[in-house]
Amino acid sequence: MQTYIHTSKKLEKTIKPLIQKNPGIDESLLGKWNATLFYVNRKKCWMVTNAQTQYNVLLTDIKAAHLKNIEQIFKDTFYTQLVYDGIIIPFETVVTLIGNISFLPTDNDRSTTAFQNHRLEDMEYWKAKYGSLEHMPIKKLNHNMNTSPINFGKTMKRREYTTAIDEMKELLLE
């Protein structure tokens, strides 16, 4: 299995050696992800969003030295966020579902990019509230993002609203 993470142009410039062109391997059950770069106190952070469920994973203070272990960092962070959000599955299952990670150039997924930009606006508020990255409760902030109501339906009816956590639970536990 292979997990594809499409990067934003800004992130692509910082991780150029990791970008692949045509991986051509079966995609994982989790589908594709989109990653974008943002900064908190001049520290590089990544927001990685599952396109199917809009579930976010925040990777903080990513340095060039971390890039060789970025696959393990992502798996560990994703698993700990799942546990924090109340989605309890074995770590080995997460590792199997993700498989290997391939970073790809942007796919211009406007829907996911707009969703990420909206969540990054929330981060601006939290940056002002907490001041520095060291004082930010990242798992809690990520949980808040994942519990914000989202609508995948065609209309704006209340019953069509859900959360990213509920969507990820349905995907993982079905």
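Quick look at the values:
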read-out	value
Candidates S148, S132 - the one that is of a type in the set (G, A, S), modelled with pLDDT under 90 and under 16 Å from D85 (Cα atoms)	S148
Residue check for G86: small (G, A, S) and touching a Leu at 6+ places or on another chain (Cβ under 9 Å)	no
Residues of the range 2-14 satisfying the condition of being within 23 Å of Q54 (Cα to Cα) and either open to solvent by 50 Å² or more (accessible area, probe 1.4 Å) or not in a helix (DSSP H, G or I) (or both)	Q2, T3, Y4, I5, H6, T7, S8, K9, K10
Residue within the range 152-159 that is open to solvent by 20 Å² or more (accessible area, probe 1.4 Å), under 30 Å from L18 (Cα atoms) and at pLDDT below 95 present	no
Any hit, the range 26-33, residues being touching a Lys or Arg at 6+ places or on another chain (Cβ under 9 Å) and either open to solvent by less than 10 Å² (accessible area, probe 1.4 Å) or of a type outside the set (K, R) (or both)	no
The one condition in (1) under 19 Å from W46 (Cβ atoms); (2) open to solvent by 70 Å² or more (accessible area, probe 1.4 Å); (3) modelled with pLDDT of 95 or more that E92 fails to fulfil	(1)
The range 2-44, residues that are over 15 Å from the mean Cα position of the chain (by Cα) and on the phi > 0 side of the Ramachandran plot	G24, N41, R42
Output for the range 41-85, where each listed residue is open to solvent by 10 Å² or more (accessible area, probe 1.4 Å), under 24 Å from P149 (Cβ atoms), modelled with pLDDT under 95 and out of contact with any strand residue (DSSP E or B) (no Cβ under 8 Å at 6 or more places or on another chain)	Q52
Any helices (runs of 4 or more DSSP H) falling wholly within the range 40-146 and containing at least 2 residues that are touching a Ser or Thr at 6+ places or on another chain (Cβ under 8 Å)	91-98, 110-130, 138-146
Of all residues in the range 104-142 being among the acidic types (D, E) and either free of Cβ contacts under 8 Å to residues at least 40 places away in the same chain or more than 22 Å from K13 (Cα to Cα) (or both), the one that is surrounded by the most Cβ atoms within 10 Å (Cβ to Cβ)	D122
I101 being farther than 15 Å from N34 by Cα, crowded, with 17+ Cβ neighbours inside 10 Å and either of a type in the set (A, V, I, L, M, F, W, C) or out of contact with any Lys or Arg (no Cβ under 9 Å at 6 or more places or on another chain) (or both)	no
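The values are calculated or read from the model by the stated rules, or taken from the named source; none is laboratory data. Being a predicted model, the structure only gives us computed values, none of them experimental. Note that each Cβ is placed from the backbone with ideal geometry, even for glycine, and that neighbours are counted across all protein chains shown. Quick note on the areas: whole protein, heavy atoms, side chains included, nothing else; ligands and nucleic acids left out. Shrake-Rupley method; radii C 1.70, N 1.55, O 1.52, S 1.80 Å.
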